[in-house]
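We did not get these values from a lab; they are worked out from the coordinates using the rules stated. Note that this is a predicted model, so its numbers are computed, not measured. Reconstructed Cβ throughout: ideal geometry from the backbone, glycine too, with neighbour counts over all protein chains shown.
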């Protein structure tokens, strides 16, 4: 699942060890169970999680055998559940979870025809992640307390399901062939937007209307040729553009006065003279540039009067301009 990272986690599997059921540390991203496991292991896991009902609990496949969700009977009061079972036979068993569920993540499965209708009972849901599953996806429109929604490998004719979700603050669209994203304009509280590898998408002008954004992440959208002006985005602090190879004009950055973090990577098509606008960003504290080759990155460094000969170029939080590869080489010399 794409939200998983290198944050600390606890993993439980059969055969169990004493360490698996040691007291959970405060700083923990999740507990994950490698399925299948015995009933005894499930019961011990349930006991372990009783004191941490909001800590994400992930179940994922450790084998290729068919699986169902009957094991959820052991976790009737847990509030954050991630299901990543590729050979899941049905969504029967979701009803075993509490109606007060706050976070639900369902990964992709071999079978693509599972209905999402059973999600209707989770009216308190705050965060929802779905991968590949779109049958009866309109049911999401009834989850009007959602604050975060992520859709991966799902193709929709439009994003009108968002029109009934006024509390959404974070939205991610990853992969799939959705071509119309105009409904994003209805998300008046949207603070984080991520769109990547949606190859059919051509128009992201709706971003101009998402004025409360704090974070914008766009990656590998080959048919997007322009990004709208960001002059009304007074709260935008982080912008990432990776592999946006049809975008050649960076004029949209000119009035991004609150921008603190900027990354432009895998950008062989952007003319280097477009980078001059970066000098005009008064709040910028972190910059990563990789212009598609070492020679172009070196030229970018010269253009922006940054030291070092190699990209990607960075500026740290204190405004000190450095070169990551040059710094790394210096460390290797002194080691």
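Packing-wise, with mean Cβ within 10 Å as the measure, how do 200-210, 38-48 rank, highest first?
Details: 200-210: 18.0, 38-48: 15.5.
Final packing ranking: 200-210, 38-48.
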With axes computed from alpha carbons, what is the tilt in degrees of helix 324-334 against the longest principal axis of the chain, rounded to the nearest 10 within 0 to 90?
90
Expressed as an acute angle from 0 to 90° and rounded to the nearest 10, what is the orientation of the C-alpha long axis of helix 294-303 relative to the principal long axis of the chain?
60
Given R₀ = 30 Å, FRET efficiency for residue 179-residue 277 by Cβ-Cβ distance, to 0.05?
0.55
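Per 0.36 nm of contour for each residue apart, how much would the distance between residue 295 and residue 164 grow if the chain were fully extended, relative to their Cα-Cα spacing? Can you show the working numbers first?
Working: separation 131, 0.36 × 131 = 47.16 nm, distance 4.89 nm.
Length difference between fully extended and current span is 42.3 nm.
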Among (i) 19; (ii) 37; (iii) 52, the entry matching percent of Cα pairs over 34 Å apart as calculated here is (ii)
Quick shape check on the stretch 55-186: root eigenvalues a ≥ b ≥ c of the Cα gyration tensor, a/c under 1.5 is rounded, otherwise prolate if a/b tops b/c, else oblate, and it reads oblate
For the stretch 105-137 and the stretch 16-33, what is the separation of their Cα centres, given in Å?
27
For a quick protection proxy, order the peptides 129-139, 274-284 by their average other-Cβ count within 10 Å, most packed first.
129-139, 274-284
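Starting from the Cα gyration tensor of the stretch 211-286, take the square roots of the eigenvalues, sort them a ≥ b ≥ c, and report rounded, prolate or oblate (rounded when a/c is under 1.5, otherwise prolate if a/b is larger than b/c, else oblate). Walk me through the intermediate numbers first.
Numbers: a/c = 1.70, a/b = 1.38, b/c = 1.23.
Prolate, because a/c is 1.5 or more and a/b exceeds b/c.
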Counting pairs of alpha carbon atoms under 8 Å apart in space and at least six apart in sequence, what relative contact order in percent does the stretch 1-91 give?
26
By how many degrees, between 0 and 90 and to the nearest 10, does the Cα long axis of helix 39-49 differ from the longest principal axis of the chain?
60
